[in-house]
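The values are calculated or read from the model by the stated rules, or taken from the named source; none is laboratory data. Here the structure is a predicted model, which is why all the values come from computation and not from measurement. Glycine also receives a Cβ, built like all others from the backbone with ideal geometry; neighbour counts cover every protein chain displayed.
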Amino acid sequence: MAAPLALTTPADLPRLLTRVADESRRLRESPRESRVGCEVDPAKIRRLLARRYDFAAPMAADALIADVARMLGDWSVDVTHPRYFGLFNPSVRPISVAADALVALYNPQLAAWSHAPAANEIERHLVGWFAARIGFDPAEAEGHFTSGGQEANHTAVIAALVHRFPELPDHGLRSLPGQPVIYLSEEGHRSLEKVAVATGLGRAALRTIPTGDDFRLDPSALERAIAEDRRAGQLPLLVVATAGTTASGSVDPLPELAAIARREELWLHVDAAWGGGALLSRTQRHLLAGVEQADSVTWDAHKWLSVPMGAGMVFCRHPGVFDRAFSSAAGYMPGHRQGTVEPHASSLQWSRRFIGLKVFMALAEAGAEGIEQLIDHQTAMGELLRERLRAAGFEVVHDAPLPVVCFTHRRLEGGADTPGRLAKRVAQAGKVWLSAVTLPRVGQTLRACITSYRTEPEDLDTLVAEVLRELR
Ligand SMILES: *Cc1c(COP(=O)(O)O)cnc(C)c1O
(Lines give C-alpha, C1' and ligand atoms only; values in the text may rest on other atoms or scores of the structure.)
Protein backbone atom coordinates (compact mmCIF):
# COMPACT_ATOMS: atom_id res chain seq x y z
CA MET A 1 0.00 0.00 0.00
CA ALA A 2 1.31 3.45 -0.84
CA ALA A 3 2.21 5.77 2.04
CA PRO A 4 -0.52 8.33 2.77
CA LEU A 5 -0.04 11.52 0.79
CA ALA A 6 1.35 14.37 2.85
CA LEU A 7 0.00 17.31 0.86
CA THR A 8 -0.19 20.80 2.28
CA THR A 9 -3.69 21.77 3.41
CA PRO A 10 -5.43 25.14 3.59
CA ALA A 11 -4.09 25.34 7.15
CA ASP A 12 -0.54 25.44 5.71
CA LEU A 13 -1.30 28.30 3.37
CA PRO A 14 -0.33 31.15 5.72
CA ARG A 15 3.09 29.50 6.17
CA LEU A 16 3.54 28.98 2.43
CA LEU A 17 2.58 32.56 1.69
CA THR A 18 5.06 33.70 4.33
CA ARG A 19 7.76 31.76 2.46
CA VAL A 20 6.74 33.57 -0.70
CA ALA A 21 6.70 36.86 1.21
CA ASP A 22 10.28 36.17 2.35
CA GLU A 23 11.25 36.12 -1.30
CA SER A 24 10.24 39.76 -1.59
CA ARG A 25 13.07 40.75 0.73
CA ARG A 26 15.18 41.62 -2.29
CA LEU A 27 12.58 44.19 -3.38
CA ARG A 28 12.25 45.60 0.13
CA GLU A 29 15.82 45.89 1.26
CA SER A 30 18.26 46.44 -1.57
CA PRO A 31 16.42 46.80 -4.83
CA ARG A 32 19.52 48.01 -6.65
CA GLU A 33 22.13 45.51 -5.56
CA SER A 34 20.96 42.45 -7.44
CA ARG A 35 21.84 41.73 -11.05
CA VAL A 36 19.38 42.85 -13.71
CA GLY A 37 20.49 40.64 -16.57
CA CYS A 38 20.77 36.90 -16.78
CA GLU A 39 23.20 34.72 -18.70
CA VAL A 40 22.67 30.99 -18.46
CA ASP A 41 23.28 27.98 -20.60
CA PRO A 42 20.03 26.08 -21.19
CA ALA A 43 21.93 22.83 -20.46
CA LYS A 44 22.53 23.98 -16.91
CA ILE A 45 18.81 24.47 -16.24
CA ARG A 46 17.94 21.19 -17.95
CA ARG A 47 20.49 19.27 -15.90
CA LEU A 48 19.05 20.61 -12.67
CA LEU A 49 15.49 19.83 -13.74
CA ALA A 50 16.43 16.31 -14.83
CA ARG A 51 18.26 15.62 -11.56
CA ARG A 52 15.87 17.15 -9.05
CA TYR A 53 12.52 16.96 -10.79
CA ASP A 54 11.88 13.48 -12.13
CA PHE A 55 8.79 13.56 -9.85
CA ALA A 56 9.58 10.09 -8.55
CA ALA A 57 9.25 11.11 -4.91
CA PRO A 58 7.17 13.89 -3.34
CA MET A 59 8.99 17.01 -2.25
CA ALA A 60 8.41 19.13 0.86
CA ALA A 61 6.54 22.32 0.03
CA ASP A 62 8.92 24.68 1.84
CA ALA A 63 11.99 23.33 0.07
CA LEU A 64 10.13 23.40 -3.21
CA ILE A 65 9.24 27.09 -2.82
CA ALA A 66 12.84 27.94 -1.96
CA ASP A 67 14.20 26.01 -4.93
CA VAL A 68 11.79 27.45 -7.47
CA ALA A 69 12.32 30.97 -6.15
CA ARG A 70 16.07 30.52 -6.54
CA MET A 71 15.67 29.36 -10.15
CA LEU A 72 13.42 32.30 -10.97
CA GLY A 73 15.72 34.77 -9.24
CA ASP A 74 18.95 33.48 -10.77
CA TRP A 75 17.68 32.63 -14.22
CA SER A 76 15.44 35.49 -15.24
CA VAL A 77 16.09 38.97 -16.50
CA ASP A 78 14.81 40.99 -13.55
CA VAL A 79 12.26 43.13 -15.33
CA THR A 80 11.07 44.55 -12.00
CA HIS A 81 14.50 46.11 -11.36
CA PRO A 82 14.71 49.94 -11.30
CA ARG A 83 17.63 49.63 -13.73
CA TYR A 84 15.81 47.50 -16.26
CA PHE A 85 15.50 49.91 -19.21
CA GLY A 86 13.85 47.34 -21.39
CA LEU A 87 10.83 46.36 -23.33
CA PHE A 88 7.74 47.77 -21.61
CA ASN A 89 7.91 45.23 -18.77
CA PRO A 90 7.27 47.17 -15.59
CA SER A 91 8.18 46.92 -11.95
CA VAL A 92 5.02 45.46 -10.46
CA ARG A 93 3.28 47.26 -7.64
CA PRO A 94 3.03 45.22 -4.42
CA ILE A 95 -0.73 45.71 -4.16
CA SER A 96 -1.12 44.08 -7.57
CA VAL A 97 0.97 41.08 -6.52
CA ALA A 98 -1.32 40.70 -3.51
CA ALA A 99 -4.29 40.99 -5.86
CA ASP A 100 -3.00 38.14 -8.02
CA ALA A 101 -2.59 35.98 -4.90
CA LEU A 102 -6.21 36.69 -3.97
CA VAL A 103 -7.29 35.67 -7.45
CA ALA A 104 -5.46 32.35 -7.17
CA LEU A 105 -6.99 31.81 -3.73
CA TYR A 106 -10.62 32.33 -4.73
CA ASN A 107 -10.14 31.20 -8.32
CA PRO A 108 -13.32 32.88 -9.56
CA GLN A 109 -14.48 31.63 -12.97
CA LEU A 110 -15.45 34.67 -14.99
CA ALA A 111 -16.69 32.81 -18.08
CA ALA A 112 -20.26 33.06 -16.84
CA TRP A 113 -21.46 36.19 -15.03
CA SER A 114 -23.48 34.12 -12.57
CA HIS A 115 -20.39 32.19 -11.42
CA ALA A 116 -18.45 35.31 -10.47
CA PRO A 117 -20.75 38.30 -10.00
CA ALA A 118 -18.28 40.31 -7.90
CA ALA A 119 -15.36 39.77 -10.24
CA ASN A 120 -17.39 40.40 -13.38
CA GLU A 121 -18.88 43.61 -12.04
CA ILE A 122 -15.45 44.82 -10.85
CA GLU A 123 -14.11 44.31 -14.39
CA ARG A 124 -17.16 45.97 -15.93
CA HIS A 125 -16.70 48.95 -13.61
CA LEU A 126 -13.02 49.24 -14.59
CA VAL A 127 -13.66 48.87 -18.29
CA GLY A 128 -16.14 51.75 -18.07
CA TRP A 129 -13.58 53.89 -16.23
CA PHE A 130 -10.83 53.22 -18.79
CA ALA A 131 -13.24 53.70 -21.70
CA ALA A 132 -14.04 57.16 -20.34
CA ARG A 133 -10.28 57.98 -20.23
CA ILE A 134 -10.10 57.07 -23.91
CA GLY A 135 -12.95 59.46 -24.54
CA PHE A 136 -15.48 56.77 -25.44
CA ASP A 137 -19.04 57.02 -24.19
CA PRO A 138 -19.04 54.47 -21.35
CA ALA A 139 -22.77 53.87 -21.86
CA GLU A 140 -22.16 52.68 -25.43
CA ALA A 141 -18.59 51.40 -25.53
CA GLU A 142 -17.76 47.81 -24.71
CA GLY A 143 -14.54 46.25 -23.60
CA HIS A 144 -12.98 43.42 -21.69
CA PHE A 145 -9.73 42.20 -20.27
CA THR A 146 -7.42 40.09 -22.42
CA SER A 147 -4.23 38.15 -21.83
CA GLY A 148 -2.33 41.03 -23.42
CA GLY A 149 -2.00 43.21 -26.48
CA GLN A 150 -1.75 40.28 -28.85
CA GLU A 151 -5.21 39.00 -27.90
CA ALA A 152 -6.58 42.56 -27.80
CA ASN A 153 -5.35 43.25 -31.34
CA HIS A 154 -6.73 39.90 -32.46
CA THR A 155 -10.11 40.74 -30.95
CA ALA A 156 -10.12 44.16 -32.61
CA VAL A 157 -9.45 42.74 -36.07
CA ILE A 158 -12.25 40.22 -35.61
CA ALA A 159 -14.53 43.08 -34.51
CA ALA A 160 -13.61 45.10 -37.61
CA LEU A 161 -14.32 42.10 -39.85
CA VAL A 162 -17.68 41.32 -38.23
CA HIS A 163 -18.76 44.95 -38.25
CA ARG A 164 -18.02 45.29 -41.94
CA PHE A 165 -19.13 41.82 -43.04
CA PRO A 166 -22.11 40.74 -40.88
CA GLU A 167 -22.25 37.39 -42.68
CA LEU A 168 -18.69 36.53 -41.71
CA PRO A 169 -19.26 34.81 -38.34
CA ASP A 170 -21.52 32.26 -40.04
CA HIS A 171 -19.95 31.90 -43.46
CA GLY A 172 -16.30 32.76 -42.97
CA LEU A 173 -13.81 34.52 -45.20
CA ARG A 174 -14.87 32.45 -48.21
CA SER A 175 -18.12 34.42 -48.32
CA LEU A 176 -16.28 37.71 -48.89
CA PRO A 177 -15.99 39.23 -52.35
CA GLY A 178 -12.25 39.89 -52.00
CA GLN A 179 -9.21 40.16 -49.79
CA PRO A 180 -9.62 42.44 -46.75
CA VAL A 181 -6.54 44.60 -46.13
CA ILE A 182 -5.03 45.80 -42.84
CA TYR A 183 -2.78 48.88 -42.86
CA LEU A 184 0.01 49.19 -40.31
CA SER A 185 3.14 51.31 -40.21
CA GLU A 186 6.58 49.75 -40.58
CA GLU A 187 7.04 50.60 -36.89
CA GLY A 188 3.71 49.04 -35.86
CA HIS A 189 3.66 45.96 -33.68
CA ARG A 190 4.27 42.64 -35.43
CA SER A 191 1.55 41.00 -33.34
CA LEU A 192 -0.65 42.01 -36.28
CA GLU A 193 1.22 39.48 -38.40
CA LYS A 194 0.08 36.71 -36.09
CA VAL A 195 -3.42 38.16 -36.06
CA ALA A 196 -3.44 38.04 -39.86
CA VAL A 197 -2.53 34.36 -39.70
CA ALA A 198 -4.92 33.51 -36.85
CA THR A 199 -7.91 35.22 -38.48
CA GLY A 200 -7.26 33.35 -41.70
CA LEU A 201 -6.68 36.60 -43.58
CA GLY A 202 -3.07 35.62 -44.12
CA ARG A 203 0.02 37.79 -44.05
CA ALA A 204 -0.82 38.98 -47.55
CA ALA A 205 -3.60 41.01 -45.94
CA LEU A 206 -1.07 43.13 -44.11
CA ARG A 207 0.05 46.30 -45.88
CA THR A 208 3.11 47.89 -44.28
CA ILE A 209 3.14 51.66 -44.65
CA PRO A 210 6.36 53.66 -44.39
CA THR A 211 6.89 56.19 -41.65
CA GLY A 212 7.91 59.79 -42.13
CA ASP A 213 9.67 62.05 -39.66
CA ASP A 214 9.73 60.81 -36.11
CA PHE A 215 8.88 57.26 -37.18
CA ARG A 216 5.15 58.01 -37.41
CA LEU A 217 2.94 56.49 -40.07
CA ASP A 218 2.94 58.70 -43.17
CA PRO A 219 -0.72 59.55 -43.93
CA SER A 220 -0.13 60.31 -47.61
CA ALA A 221 1.58 56.95 -48.11
CA LEU A 222 -1.46 55.37 -46.47
CA GLU A 223 -3.83 57.15 -48.84
CA ARG A 224 -1.80 55.99 -51.83
CA ALA A 225 -1.81 52.39 -50.61
CA ILE A 226 -5.56 52.42 -50.06
CA ALA A 227 -6.16 53.82 -53.56
CA GLU A 228 -3.85 51.19 -55.09
CA ASP A 229 -5.60 48.39 -53.25
CA ARG A 230 -9.03 49.62 -54.33
CA ARG A 231 -7.86 49.73 -57.94
CA ALA A 232 -6.60 46.17 -57.58
CA GLY A 233 -9.99 45.04 -56.30
CA GLN A 234 -8.90 44.46 -52.71
CA LEU A 235 -11.09 45.37 -49.74
CA PRO A 236 -9.38 47.91 -47.49
CA LEU A 237 -10.69 47.05 -44.00
CA LEU A 238 -8.83 48.72 -41.20
CA VAL A 239 -6.03 51.05 -40.25
CA VAL A 240 -3.97 50.18 -37.19
CA ALA A 241 -2.51 53.32 -35.65
CA THR A 242 0.18 52.76 -33.06
CA ALA A 243 0.26 55.01 -30.01
CA GLY A 244 3.67 54.29 -28.53
CA THR A 245 5.77 52.21 -30.91
CA THR A 246 8.05 49.62 -29.38
CA ALA A 247 11.26 50.85 -30.98
CA SER A 248 10.94 54.59 -30.45
CA GLY A 249 7.77 55.36 -28.47
CA SER A 250 6.30 57.28 -31.39
CA VAL A 251 2.61 58.06 -31.70
CA ASP A 252 1.08 57.90 -35.17
CA PRO A 253 -0.83 61.04 -36.25
CA LEU A 254 -4.20 59.92 -34.87
CA PRO A 255 -6.40 62.84 -36.04
CA GLU A 256 -5.14 62.54 -39.63
CA LEU A 257 -5.56 58.78 -39.62
CA ALA A 258 -9.05 59.12 -38.14
CA ALA A 259 -9.98 61.51 -40.95
CA ILE A 260 -8.68 59.10 -43.60
CA ALA A 261 -10.45 56.15 -42.00
CA ARG A 262 -13.72 58.10 -41.88
CA ARG A 263 -13.44 59.25 -45.48
CA GLU A 264 -12.50 55.79 -46.75
CA GLU A 265 -15.01 54.05 -44.45
CA LEU A 266 -12.32 51.98 -42.78
CA TRP A 267 -12.18 50.80 -39.18
CA LEU A 268 -9.60 52.64 -37.08
CA HIS A 269 -7.87 50.57 -34.42
CA VAL A 270 -5.48 52.34 -32.08
CA ASP A 271 -2.84 50.03 -30.62
CA ALA A 272 -2.00 51.90 -27.42
CA ALA A 273 -0.73 48.80 -25.65
CA TRP A 274 2.00 50.73 -23.87
CA GLY A 275 1.28 54.39 -24.74
CA GLY A 276 -2.27 54.21 -23.37
CA GLY A 277 -0.75 55.02 -19.98
CA ALA A 278 -0.31 58.62 -21.14
CA LEU A 279 -4.11 58.98 -21.15
CA LEU A 280 -4.01 58.93 -17.35
CA SER A 281 -1.82 62.04 -17.20
CA ARG A 282 -3.39 65.46 -17.59
CA THR A 283 -0.16 66.82 -19.06
CA GLN A 284 0.41 63.94 -21.50
CA ARG A 285 -3.01 62.84 -22.68
CA HIS A 286 -2.93 65.39 -25.51
CA LEU A 287 -0.25 63.19 -27.12
CA LEU A 288 -2.99 60.67 -27.90
CA ALA A 289 -5.57 63.24 -29.02
CA GLY A 290 -7.75 61.60 -31.65
CA VAL A 291 -7.85 58.22 -29.89
CA GLU A 292 -11.48 58.98 -29.02
CA GLN A 293 -12.29 58.71 -32.74
CA ALA A 294 -11.04 55.13 -32.91
CA ASP A 295 -13.43 52.26 -33.47
CA SER A 296 -11.37 50.06 -31.17
CA VAL A 297 -8.41 50.44 -28.84
CA THR A 298 -5.81 48.09 -27.32
CA TRP A 299 -4.43 49.09 -23.94
CA ASP A 300 -2.22 46.84 -21.79
CA ALA A 301 -2.32 47.34 -18.04
CA HIS A 302 0.72 45.08 -17.72
CA LYS A 303 2.92 47.67 -19.38
CA TRP A 304 2.82 51.25 -18.15
CA LEU A 305 0.31 50.59 -15.36
CA SER A 306 2.82 48.45 -13.47
CA VAL A 307 0.81 45.30 -12.80
CA PRO A 308 1.90 41.71 -13.41
CA MET A 309 1.29 39.97 -16.73
CA GLY A 310 -1.03 39.25 -18.39
CA ALA A 311 -3.42 42.12 -18.27
CA GLY A 312 -4.49 43.57 -21.59
CA MET A 313 -7.68 45.40 -22.44
CA VAL A 314 -9.63 45.87 -25.65
CA PHE A 315 -12.31 48.49 -26.19
CA CYS A 316 -14.84 48.95 -28.97
CA ARG A 317 -16.96 52.01 -29.58
CA HIS A 318 -19.80 50.08 -31.26
CA PRO A 319 -22.10 48.12 -28.97
CA GLY A 320 -22.99 44.56 -29.92
CA VAL A 321 -20.03 43.76 -32.17
CA PHE A 322 -18.29 41.53 -29.63
CA ASP A 323 -21.56 39.66 -29.03
CA ARG A 324 -22.03 39.07 -32.75
CA ALA A 325 -18.46 37.87 -33.13
CA PHE A 326 -18.22 35.58 -30.13
CA SER A 327 -21.74 34.48 -29.23
CA SER A 328 -22.27 30.80 -28.68
CA ALA A 329 -24.98 28.68 -27.23
CA ALA A 330 -23.45 25.99 -25.09
CA GLY A 331 -26.19 24.07 -23.35
CA TYR A 332 -24.06 23.41 -20.30
CA MET A 333 -23.37 27.07 -19.52
CA PRO A 334 -25.54 28.79 -16.91
CA GLY A 335 -28.27 30.97 -18.39
CA HIS A 336 -27.81 34.60 -19.25
CA ARG A 337 -29.09 37.17 -16.80
CA GLN A 338 -30.77 40.29 -18.17
CA GLY A 339 -28.56 43.38 -18.04
CA THR A 340 -25.26 41.54 -17.60
CA VAL A 341 -22.55 40.55 -20.04
CA GLU A 342 -21.64 36.89 -20.53
CA PRO A 343 -17.85 36.98 -20.97
CA HIS A 344 -17.53 33.59 -22.65
CA ALA A 345 -20.03 34.71 -25.32
CA SER A 346 -18.53 38.14 -25.97
CA SER A 347 -14.77 37.53 -26.03
CA LEU A 348 -12.16 35.11 -27.37
CA GLN A 349 -11.48 33.38 -24.07
CA TRP A 350 -13.75 30.79 -22.49
CA SER A 351 -12.62 29.99 -18.96
CA ARG A 352 -11.59 33.37 -17.77
CA ARG A 353 -9.22 34.31 -14.98
CA PHE A 354 -9.90 37.42 -12.89
CA ILE A 355 -7.39 39.54 -14.80
CA GLY A 356 -8.82 42.86 -13.72
CA LEU A 357 -8.31 42.61 -9.95
CA LYS A 358 -4.65 43.60 -10.00
CA VAL A 359 -5.57 46.64 -12.09
CA PHE A 360 -8.53 47.46 -9.83
CA MET A 361 -6.48 47.31 -6.64
CA ALA A 362 -3.51 49.16 -8.17
CA LEU A 363 -5.83 51.96 -9.25
CA ALA A 364 -7.83 52.03 -6.03
CA GLU A 365 -4.74 52.12 -3.82
CA ALA A 366 -3.07 54.99 -5.66
CA GLY A 367 -6.14 56.85 -6.86
CA ALA A 368 -6.23 58.44 -10.28
CA GLU A 369 -3.84 61.21 -9.22
CA GLY A 370 -1.43 58.71 -7.73
CA ILE A 371 -1.30 56.78 -10.98
CA GLU A 372 -0.82 60.05 -12.82
CA GLN A 373 2.19 60.80 -10.62
CA LEU A 374 3.78 57.43 -11.43
CA ILE A 375 3.22 57.97 -15.16
CA ASP A 376 4.55 61.53 -15.04
CA HIS A 377 7.56 60.45 -13.01
CA GLN A 378 8.59 57.97 -15.68
CA THR A 379 8.21 60.55 -18.43
CA ALA A 380 10.29 63.01 -16.40
CA MET A 381 12.98 60.33 -16.00
CA GLY A 382 12.97 59.85 -19.79
CA GLU A 383 13.48 63.59 -20.25
CA LEU A 384 16.27 63.63 -17.68
CA LEU A 385 17.95 60.66 -19.34
CA ARG A 386 18.03 62.54 -22.65
CA GLU A 387 19.70 65.48 -20.91
CA ARG A 388 22.27 63.33 -19.15
CA LEU A 389 23.09 61.41 -22.33
CA ARG A 390 23.61 64.61 -24.31
CA ALA A 391 25.78 66.02 -21.53
CA ALA A 392 27.89 62.85 -21.65
CA GLY A 393 28.49 63.19 -25.41
CA PHE A 394 25.81 60.85 -26.77
CA GLU A 395 23.52 61.71 -29.64
CA VAL A 396 19.82 61.30 -28.87
CA VAL A 397 18.31 60.14 -32.13
CA HIS A 398 14.69 60.89 -31.50
CA ASP A 399 12.87 63.39 -29.32
CA ALA A 400 9.95 61.14 -28.46
CA PRO A 401 7.45 62.68 -26.07
CA LEU A 402 7.11 59.35 -24.27
CA PRO A 403 9.94 57.83 -22.21
CA VAL A 404 11.67 55.71 -24.85
CA VAL A 405 15.15 57.06 -25.55
CA CYS A 406 17.04 56.00 -28.67
CA PHE A 407 20.65 57.12 -28.70
CA THR A 408 24.05 56.48 -30.17
CA HIS A 409 27.62 57.74 -30.04
CA ARG A 410 30.08 58.99 -32.60
CA ARG A 411 32.43 56.14 -31.72
CA LEU A 412 29.80 53.63 -32.83
CA GLU A 413 29.66 55.03 -36.34
CA GLY A 414 31.37 52.89 -38.92
CA GLY A 415 33.53 51.26 -36.28
CA ALA A 416 33.87 47.58 -35.48
CA ASP A 417 31.55 47.94 -32.50
CA THR A 418 27.78 48.13 -32.89
CA PRO A 419 24.97 49.31 -30.60
CA GLY A 420 23.79 45.70 -30.44
CA ARG A 421 27.13 44.38 -29.19
CA LEU A 422 27.49 47.29 -26.80
CA ALA A 423 24.02 46.70 -25.32
CA LYS A 424 24.89 43.06 -24.84
CA ARG A 425 28.13 43.85 -22.99
CA VAL A 426 26.31 46.33 -20.74
CA ALA A 427 23.65 43.73 -19.94
CA GLN A 428 26.31 41.10 -19.25
CA ALA A 429 28.00 43.40 -16.74
CA GLY A 430 24.69 43.07 -14.86
CA LYS A 431 24.11 46.52 -13.35
CA VAL A 432 21.65 47.77 -15.97
CA TRP A 433 19.74 46.26 -18.86
CA LEU A 434 19.09 48.00 -22.15
CA SER A 435 18.71 46.92 -25.75
CA ALA A 436 19.42 47.98 -29.31
CA VAL A 437 16.86 48.66 -32.05
CA THR A 438 16.97 49.31 -35.74
CA LEU A 439 15.12 52.43 -36.84
CA PRO A 440 14.15 53.22 -40.42
CA ARG A 441 16.69 55.49 -42.15
CA VAL A 442 18.82 55.64 -38.97
CA GLY A 443 20.01 52.09 -38.53
CA GLN A 444 20.86 50.51 -35.22
CA THR A 445 20.80 52.57 -32.02
CA LEU A 446 20.76 51.92 -28.31
CA ARG A 447 17.33 52.00 -26.71
CA ALA A 448 16.46 52.68 -23.07
CA CYS A 449 12.86 52.76 -21.94
CA ILE A 450 11.86 54.00 -18.50
CA THR A 451 9.62 51.14 -17.63
CA SER A 452 9.89 51.09 -13.82
CA TYR A 453 8.10 53.58 -11.60
CA ARG A 454 11.02 53.04 -9.19
CA THR A 455 13.68 54.36 -11.59
CA GLU A 456 15.38 57.40 -10.05
CA PRO A 457 18.05 59.87 -11.28
CA GLU A 458 20.83 57.75 -9.70
CA ASP A 459 19.75 54.86 -11.94
CA LEU A 460 20.08 57.07 -15.00
CA ASP A 461 23.60 57.99 -13.88
CA THR A 462 24.44 54.31 -13.57
CA LEU A 463 23.06 53.67 -17.06
CA VAL A 464 25.13 56.47 -18.60
CA ALA A 465 28.26 55.37 -16.71
CA GLU A 466 27.84 51.72 -17.72
CA VAL A 467 27.36 52.54 -21.39
CA LEU A 468 30.36 54.92 -21.32
CA ARG A 469 32.50 52.26 -19.67
CA GLU A 470 31.68 49.70 -22.36
CA LEU A 471 32.10 52.17 -25.22
CA ARG A 472 35.09 51.24 -27.36
C1 LIG B 1 3.42 44.91 -26.23
C2 LIG B 1 2.69 45.35 -27.41
C3 LIG B 1 1.86 44.46 -28.11
C4 LIG B 1 1.74 43.01 -27.72
O5 LIG B 1 1.13 42.94 -26.46
P6 LIG B 1 1.35 41.69 -25.48
O7 LIG B 1 0.76 42.21 -24.21
O8 LIG B 1 2.80 41.46 -25.41
O9 LIG B 1 0.59 40.56 -26.03
C10 LIG B 1 1.17 44.94 -29.19
N11 LIG B 1 1.29 46.21 -29.59
C12 LIG B 1 2.09 47.10 -28.96
C13 LIG B 1 2.20 48.50 -29.46
C14 LIG B 1 2.83 46.69 -27.84
O15 LIG B 1 3.60 47.57 -27.20
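Could you tell me how many of the residues in the range 307-322 are surrounded by fewer than 22 Cβ atoms within 10 Å (Cβ to Cβ) and within 16 Å of the ligand (Cβ to nearest atom)?
Final tally of qualifying residues: 3.
When the residues of the range 201-244 are narrowed to those that are of a type in the set (A, V, I, L, M) and assigned to a loop (DSSP other than H, G, I, E, B), which ends up nearest to the ligand (Cβ to nearest atom)? Write out each step before concluding.
Residues of the range 201-244 of a type in the set (A, V, I, L, M): 201, 204-206, 209, 217, 221-222, 225-227, 232, 235, 237-241, 243.
Remaining after also requiring assigned to a loop (DSSP other than H, G, I, E, B): 201, 232.
Working: 201: 17, 232: 28 Å.
Restricting to residues being of a type in the set (A, V, I, L, M) and assigned to a loop (DSSP other than H, G, I, E, B), the top hit is 201.
Could you say which residue among 61, 43, 111 is exposed (fewer than 14 other Cβ atoms within 10 Å of the Cβ) and of a type in the set (A, V, I, L, M)? Lay out the reasoning, then the answer.
Working: 61 fails: exposed (fewer than 14 other Cβ atoms within 10 Å of the Cβ); 111 fails: exposed (fewer than 14 other Cβ atoms within 10 Å of the Cβ).
Checking each option against the conditions leaves just 43.
Quick one: is residue 428 surrounded by fewer than 22 Cβ atoms within 10 Å (Cβ to Cβ) and either more than 21 Å from residue 34 (Cα to Cα) or free of Cβ contacts under 8 Å to residues at least 40 places away in the same chain (or both)? Step through it out loud before you land on a result.
On the way: surrounded by fewer than 22 Cβ atoms within 10 Å (Cβ to Cβ): yes; either more than 21 Å from residue 34 (Cα to Cα) or free of Cβ contacts under 8 Å to residues at least 40 places away in the same chain (or both): no.
No, not satisfied.
Since residue 304 meets every condition but one in (1) touching a Gly at 6+ places or on another chain (Cβ under 8 Å); (2) away from the ligand (no atom under 16 Å from the Cβ), which condition does it not meet?
(2)
With (1) within 12 Å of the ligand (Cβ to nearest atom); (2) aliphatic (A, V, I, L, M); (3) out of contact with any Cys (no Cβ under 9 Å at 6 or more places or on another chain); (4) assigned to a loop (DSSP other than H, G, I, E, B) as the list, and residue 247 as the residue in question, which single condition is left unmet?
Checking residue 247 against (1) within 12 Å of the ligand (Cβ to nearest atom); (2) aliphatic (A, V, I, L, M); (3) out of contact with any Cys (no Cβ under 9 Å at 6 or more places or on another chain); (4) assigned to a loop (DSSP other than H, G, I, E, B), the one that fails is (3).
Mind telling me which of the residues 217, 237 ends up being among the aliphatic types (A, V, I, L, M), touching a Pro at 6+ places or on another chain (Cβ under 8 Å) and farther than 16 Å from residue 189 by Cα?
Details: 217 fails: farther than 16 Å from residue 189 by Cα.
After applying the criteria, what remains is 237.
Do you know which residues across the range 406-421 are closer than 14 Å to residue 434 by Cβ and touching a Lys or Arg at 6+ places or on another chain (Cβ under 6 Å)?
406
Name the single residue that is farthest from residue 47 (Cα to Cα) among those in the range 75-107 being away from the ligand (no atom under 16 Å from the Cβ) and among the hydroxyl-bearing types (Ser, Thr, Tyr).
106
Out of the helices (runs of 4 or more DSSP H) lying entirely within the range 113-200, which hold 2 or more residues that are among the charged types (D, E, K, R) and away from the ligand (no atom under 16 Å from the Cβ)? Before the answer, list the steps.
Values: elements: 117-134, 149-164, 168-171, 191-198.
Correct list: 117-134.
Name the residues in the range 387-403 that are closer than 23 Å to residue 374 by Cα and either at pLDDT 95 or above or exposed (fewer than 14 other Cβ atoms within 10 Å of the Cβ) (or both), would you?
Matches in the range 387-403: 387, 388, 389, 399, 402, 403.
Taking residue 255 as the residue in question, decide whether it is modelled with pLDDT of 95 or more, outside any loop (DSSP other than H, G, I, E, B), within 25 Å of the chain's Cα centre (by Cα) and more than 16 Å from the ligand (Cβ to nearest atom).
Values: modelled with pLDDT of 95 or more: yes; outside any loop (DSSP other than H, G, I, E, B): yes; within 25 Å of the chain's Cα centre (by Cα): yes; more than 16 Å from the ligand (Cβ to nearest atom): yes.
Considered against the rule, which asks whether it is modelled with pLDDT of 95 or more, outside any loop (DSSP other than H, G, I, E, B), within 25 Å of the chain's Cα centre (by Cα) and more than 16 Å from the ligand (Cβ to nearest atom), residue 255 comes out as yes.
Within the range 266-310, can you find the residues that are within 25 Å of residue 320 (Cα to Cα) and of a type in the set (Gly, Ala, Ser)?
Residues satisfying the conditions are 272, 273, 276, 290, 294, 296, 301.
Given the structure, is residue 462 part of a helix (DSSP H, G or I) and under 20 Å from the mean Cα position of the chain (by Cα)? Spell out how you get there, then give the answer.
Values: part of a helix (DSSP H, G or I): yes; under 20 Å from the mean Cα position of the chain (by Cα): no.
Against the criterion (part of a helix (DSSP H, G or I) and under 20 Å from the mean Cα position of the chain (by Cα)), residue 462 does not qualify.
Only one residue in 216, 207, 190 is buried (at least 21 other Cβ atoms within 10 Å of the Cβ) and basic (Lys, Arg), so which one is that?
Working: 207 fails: buried (at least 21 other Cβ atoms within 10 Å of the Cβ); 190 fails: buried (at least 21 other Cβ atoms within 10 Å of the Cβ).
Going through 216, 207, 190 in turn, the sole match is 216.
Is it true that residue 296 is under 21 Å from the mean Cα position of the chain (by Cα), away from the ligand (no atom under 11 Å from the Cβ) and touching a residue at least 12 places away in the same chain (Cβ under 8 Å)?
yes
Would you check which residues across the range 325-383 are under 22 Å from the mean Cα position of the chain (by Cα) and among the hydroxyl-bearing types (Ser, Thr, Tyr) and list them?
346, 347, 351, 379
Would you be able to tell me the number of residues in the range 351-365 that are charged (D, E, K, R), surrounded by fewer than 22 Cβ atoms within 10 Å (Cβ to Cβ) and part of a helix (DSSP H, G or I)?
The number of residues fulfilling the criteria is 1.
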